[in-house]
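Report on one structure; see the data block that follows.
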Amino acid sequence: MLNRLKNFFLIKLGKTSLEELTIKACMEKGMKVGKNCHGLAASTIDVAHCWLIEIGDNVTFAPQVYLLAHDASTKRYLDYTKIAKIKIEDNAFIGARALIMPGVTIGKNAIVAAGSVVSRSVPDGYIVGGNPAKVIAETSNYIKRHQSSLENSKVYDWKWTIGGGITLDMCEEMSESLNNEVGYVK
């Protein structure tokens, strides 16, 4: 059944394999993606209703985010599936394995904590987390706390990342120096 469903959507989208079903293909079907977005390729997009998804500028997606613009829980009882738009506004951050449900707007400068199930819209400038996701804090206060924390924390530049060529010795040094502490990497 699952393979038949996948093939149905591939044919409807004019594709022959899952590898061809890309962000570009979703955009060709009407999904809107702004400028300077990061991490969307590591997300799962509701291909069946991708044209109901709108993503603003400067949005970051951590790995394995799920964007779901439909909810089939009504199908058995009503013979209809609920569908609604997902809007993710400018400068939002969506944490790893967060699930964004249909009808949700993630406001500007909002943060969704990792693992959250977002079934209600998130106001501009707020952080939400949990299942179901609830407001935790204001983004501005969260950033102020970390700006203050930066002054007394271990800070690493880009060379301390995989992209920057971190060595095994550096990995060990970082691990030892961050024993029960928070640090920051560029």
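Residues in the stretch 86-112 that are in contact (Cβ under 8 Å) with a residue 24 or more places away in the chain and part of a loop (DSSP other than H, G, I, E, B): 13 in all. Residue count for the stretch 167-182 under the criterion of being modelled with pLDDT of 95 or more and either assigned to a strand (DSSP E or B) or under 28 Å from Val118 (Cα atoms) (or both): the result is 0. Restricted to the stretch 56-85, and to residues there that are touching a helix residue (DSSP H, G or I) at 6+ places or on another chain (Cβ under 7 Å) and assigned to a strand (DSSP E or B), the residue that is surrounded by the most Cβ atoms within 10 Å (Cβ to Cβ) is Phe61. For the stretch 119-156, the set of residues classified as within 18 Å of the chain's Cα centre (by Cα) and basic (Lys, Arg) consists of Arg120, Lys134, listed by residue number.
For the stretch 167-186, filtered to residues that are touching a residue at least 12 places away in the same chain (Cβ under 8 Å) and of a type in the set (Val, Ile, Thr), the residue that is surrounded by the most Cβ atoms within 10 Å (Cβ to Cβ) is Val185.
Here are Ile88, Ile94, Ile53: which of them is surrounded by 14 or more Cβ atoms within 10 Å (Cβ to Cβ), within 23 Å of Gly30 (Cβ to Cβ), in contact with a helix residue (DSSP H, G or I) (Cβ under 9 Å, 6 or more places away or on another chain) and at pLDDT 95 or above? Walk me through how you get there before you give the answer.
Working: Ile88 fails: in contact with a helix residue (DSSP H, G or I) (Cβ under 9 Å, 6 or more places away or on another chain); Ile94 fails: in contact with a helix residue (DSSP H, G or I) (Cβ under 9 Å, 6 or more places away or on another chain).
Step by step, each of Ile88, Ile94, Ile53 is checked, and only Ile53 is surrounded by 14 or more Cβ atoms within 10 Å (Cβ to Cβ), within 23 Å of Gly30 (Cβ to Cβ), in contact with a helix residue (DSSP H, G or I) (Cβ under 9 Å, 6 or more places away or on another chain) and at pLDDT 95 or above.
Screening Gly115 with (1) exposed (fewer than 13 other Cβ atoms within 10 Å of the Cβ); (2) not in a helix (DSSP H, G or I) gives one miss only, at (1). Whether any residue in the stretch 52-74 is farther than 20 Å from Asn131 by Cα and free of Cβ contacts under 8 Å to residues at least 24 places away in the same chain is what I want to check. Within the stretch 52-74 (the criterion being farther than 20 Å from Asn131 by Cα and free of Cβ contacts under 8 Å to residues at least 24 places away in the same chain), the answer is yes, since at least one residue qualifies.
For the stretch 31-55, what are the residues that are assigned to a loop (DSSP other than H, G, I, E, B) and of a type in the set (Ser, Thr, Tyr)? Outline the logic, then answer.
Here is the first cut: in the stretch 31-55, the ones assigned to a loop (DSSP other than H, G, I, E, B) are 31, 34-37, 39, 43, 46.
Result: Ser43, single match.
Checked against the criteria, Ser148 counts as of a type in the set (Gly, Ala, Ser) and outside the structural domain of Asp57 (by TED's automatic domain parsing).
The values are calculated or read from the model by the stated rules, or taken from the named source; none is laboratory data. Keep in mind that what you see is a predicted model, and the values were worked out from it rather than measured. All Cβ positions, even for glycine, are placed from backbone atoms using ideal geometry, and neighbour counts span all protein chains on display.
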